[in-house]
1. Taking the Cα atoms only, what angle lies between the long axis of helix C:239-261 and the longest principal axis of chain C, rounded to 10 degrees?
2. For B:235, B:250, what ranking results if the residue with the fewest other Cβ atoms within 10 Å of its Cβ goes first?
3. Work out the length of the dipole vector of region A:71-306 about its Cα centre, built from +1 on the beta-carbon of each Lys and Arg and -1 on the beta-carbon of each Asp and Glu, and round it to the nearest 20 debye.
4. 7 Å from Cα along Cα→Cβ at both residue B:384 and residue A:45: what's the point-to-point distance in nm?
5. Place the peptides A:240-251, B:144-155, A:120-131 in order of packing, highest mean first, counting for every residue the other Cβ atoms within 10 Å and averaging per peptide.
6. Positive end of the charge dipole of chain B (Lys, Arg +1 and Asp, Glu -1 on Cβ, about the Cα centre): tell me which of B:195, B:157, B:43 has its Cα farthest that way.
7. Return the whole-Å distance between the Cα centroid of region B:370-389 and the Cα centroid of region A:50-105.
8. Report the gain in length on full extension from residue B:328 to residue B:22: 0.36 nm times residue separation, minus Cα-Cα distance, nm rounded to one decimal.
Amino acid sequence: MAETGRLSALGSAPPVRAALRYGAITAVALAAFAMVLLLAGKDPLRAYADTFSYTLANAYGFSELLVRMTPLLLTAVAVALPSRLGLINVGGEGQLYMGAWLASAGALMFPGLPRWQLLPLVALLGFIGGAVWAAIPGVLRAARLVNETIATLLLNYVAPLIVSYFIFGPWRDVRGSAYPQSSAFSEAARLPSFFDTRVHGGLLIALAALLAYWLIMEKTRWGVDMRAIGGNPEAARRLGLPVAAWIVIALAIGGGFAGLAGMGEAMGIHGRLRQGLSPGYGFTGFLIAWLAGGRPLGILFMAFLFAIITSAGDTLQITQGLPYSAINLLLAMILFIVLARRPRKAGR
Amino acid sequence: MPGREASVAAAVPPGAPLVEVRGVSKRYGPVLANDQVDLTLRGGEVHALLGENGAGKSTLSKIIYGFTRPDAGAVRVAGEPAALRSPRDARALGIGMVFQNFMLIPAMTVLENIALFLTDLPAVVRREAVAARIRAFGERFGLHVDPSALVRQLSVGDQQKVEILKLLLARARVLILDEPTKVLAPHEVEALFRVFAALKAEGYAILFITHKLREVLACADRITVMRQGRVAGGFGPGEADAGALVRLMFGEAGPVGDEAPAGPEARPAAAGPILELLGASARAVGSETALTGLDLCVRAGEIVGVAGVSGSGQKELGDLILGLRPLSGGSKRLCGEDASSWSIARMREAGVAFVPEDPLVMAAVPGMSVRENLYLGTGRRYRKGAGVRWRALEAAMAESFRALAFPVPRLDPPIGALSGGNLQRVVIAREMAHRPRLIVALYPTRGLDVRSAASVRDLLRRARDGGGGVLLISEDLDELAELADRLFVLYAGAFRGCFPRGGWQTGAVGRLMTGEREADHG
Amino acid sequence: MTTPLFSGVLAGAILSGTSLLYATLGETLVERAGIVNLGLEGILLIGASTGFATAAATGSAWLGLLVAALSGGLANILFGWLVVSRRANQLASGLAMLFFGFGLSALVGTPYVGAVITGLPKWRPAWLAALPWVSGSTLFNYDALTWMALPVAVLVWWALFRTRWGLGVRAVGESPAAAFASGRSPGILQFQALSAGGVLGGLAGAHLSLSLTLTWAEYMTAGRGFIAIALVIFSKWHPLRAVAGALLFGGAEALQLQLQARGTDVSPFLLEMFPYLLTILVLLAWGGARRLAAPASLGRTFYGSE
């Protein structure tokens, strides 16, 4: 499969112009989706109004947006960082689950630790879980055995199964109902939340991750090396850069961020390990990173936008009886519009 | 059976013009690539189009082949004005072209590659019939290839045969060949000229584009010399001589650049060994060439040349020396130390520099700035914790540019925005910045204009004179004659001979380059 | 005890492998033309959902099959518009198709969740049914798609390797410049390959809902599209080798189901992992060599004459 260079959807426009462009695209997509809604027998104006009132119009709704944004920021960085080396990480789903899994292992094994010890441990485990899960395809790719796109994709299906195995098996909640989930974590393992909302410490972690990503890529020599590999891997190799090692490292770091997203969901929202932790955060993260061209500010903006859209999905399911999955059509339309723009000069 | 000739030549008496170019001009921006060019191609003739790089030969051939439309002038085919809007039109009129970069699909067979270009191929391909036609044409004109062979397994010379067969089976009568001998060994060139003779005897017209004087004198019936977009002169059969051609090609001033005579020069005795290969071998993967038992020594203050036809293992040899390819046997030493398992980073740190043929592909990252590209490949020298000592780097590089008498470029723009010559200069300045002990130059002047090529050669000489060692891997025997103090011949991954400066002839070396043993030739 | 297991697995392999084979054949055609459709999963879902919905609404599984095939073809043409006409990045476009498939299939299929349909009729030649080890099992009792699977594979092989059209398609996948220079239009050939591939993909999805499970559920393809993409690599982009690959993975799935049905101690989740892990292992074991077999221009976009 061909190597792709840096993810780039909308080129290198300055932030304000880029934001306007994104806005215009969203507007067109909303119009197109409205037609889909009409065809499905729903009322688009009502749908959009409901979405607005549930999300932007009230404080709690807005806080819910932040809740959704948290994992999206992390899974987007999980894609963006490896993409600077030309690596395609579509395994955010799996890495998220494995992060949640390993973090849960820690929480369940050391419930008695004080919070100032347990939280960092659990966060570290979340990172490691995702990192290892991504390092496997990284090694396969570095050894030129398997393309990382396919490997990360396939592992996406394996990770939730591992989680399910533990939830139904060794970690089963003995006290709870028939609902499949692990035992509850101790209070010490839970991320603190803010102001009576569900917004949790994971948001801070996510923002820190975004900042770290920017710092590493732009301000360190490691960023220069990684960008060189992404720009011309053959030349990078010939100039002495350890390309194979970087491939594994970059994917591992990316996976680690996705693992933190999983940890955040488990420790911040649910308080236990459950099935269905992620309604496609991994894939959505890929789209966010791609639309944002791998740029941190763009990721922030797109994550917010996608948070609204996924909120709309839930809202519409409740208010209009539309299956949640239908919102994927809106996402697809946004993508179609971006992809169908003026044909580019560059290659792949 | 090869009998259905194109209707193009059917009504044309032998010797009459098949293609006439009259007053053709073409401008690309500020450059007048073709200026009122006249040319006539007759059946049964080899017509050579001679000129230096940039003289306008390529443009003219593209116009005849329909790739480009001229701004002025006209092309007539078989006496009728021709509307050549695309190569398809040209092919319909019986004009075919073999480019320098073959339009072949390596993963497909010879038969499939040829069938792809047949205009009369039925919807269900009759493979045996096509194969029979291929063999028949092969017999007739000396173009023997196995139709069921995969193109990627063929030698470059055989691939060229496939390209020519493609044209013949598609019923071309006029064959344009752009620098066909560039990739051939000397005796393969002779075989090509025999093919020309066979074609010419059956009335085909051949336009042979080249910048090599000797070949033109050897095989051409008619010669047109171009210089700076104009026809500088023309000769009929038997009229031309080397001196006249040179004068027309270069004007009265003579060739640009340093053509130092290739006579034996008094060289100070070379000093201690910098690079030694002792029985070095390397494995091959896929279509690579394995290297077997190479013995090589590059001393300080000498240029060692390696000649060979394309595909003999040059790239693999370069990679082996640089540390990009592991040894599977034997050893490699750098200044006496065993460097057999050193990584490329370590080799570079120890003072090994690399000047490749295509820096944008092999030595630079197009999207990054000039400054960042200068940093890459300096290894640990300018690291500082998590950052880079940019000022120190810039100072050192500026010094290097000055020492080479290159203008210091602006550091912020992306390196991909530089012109080819400037880009090569940045790469060279970077490689030379820390006084490398060994320079590995892999086709360093390929694709460069005459001036840049001369300046690269000059650089290699200066590096040698300054006490460094240079390994020059090149396909240009003239260049090797000029620069190499010693010359190795590489064929199929093994050395076939070693000659001192002035102690070899093109013919003998050429035969070694294609695998013949020295003893085979009287 | 092992014979029924073996015949059970074999029967299951053929049943399961049918949709895998159609999907793989479709993707092989498309990739031979130089295009990767990572959204194949979405095409399968579209086929499954439109097929099921049509069958539920009209009572005719055959009509469902037809609609599924057409929907798959149209979806691939939409994909083609993105990657060929608009020269968009193939990877991102593939994922866009994936989301499109998720959404469209949900919209189309949800109203019919729980509907009962008569699936594609199964049929077995009498002389085969009379054989002792055949009667009493489900072996050789197949619907039209399964019976046609091998012939379709041969047809795809023949089209690619024995016709002028196939030569052109393969040339586009190897070197669009060469294909263009030979007077062909790479874009048109790619659209043709995409249409055919989309039809096959739609049929692959339809087989799941109209024959294998006779239901519709969101995400019911469970990654088969991605396994098919891996199978294309596994079979070195060759339609006939794809048959072996589809059987192998169909067998893995069938084995896992058989073991579950027989009440083994192994957790069903671990069993379900088996096909995906097997895919990775297989690619790993033969991955390096297969890289060389890929169409040289796979994944790139072509920009007319240079």
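Derivation of every value follows stated rules applied to the coordinates shown; laboratory data play no part. Nothing here was measured: the structure is a model prediction, and the numbers come from that model. Because the Cβ atoms are built from the backbone with ideal geometry, glycine has one as well, and the counts that use them run over all protein chains shown.
1. Relative to chain C, helix C:239-261 is tipped by roughly 30 degrees.
2. With the sparsest Cβ surroundings first, the list reads B:250, B:235.
3. With only Lys, Arg, Asp and Glu charged at Cβ, the dipole is about 240 debye.
4. The answer from the label model is 6.4 nm.
5. A:120-131, A:240-251, B:144-155
6. Looking along the dipole axis, the top candidate is B:157.
7. If you average the Cα positions of each part, the centres end up 34 Å apart.
8. Taking 0.36 nm per residue and subtracting the Cα distance, the gain is 104.2 nm.
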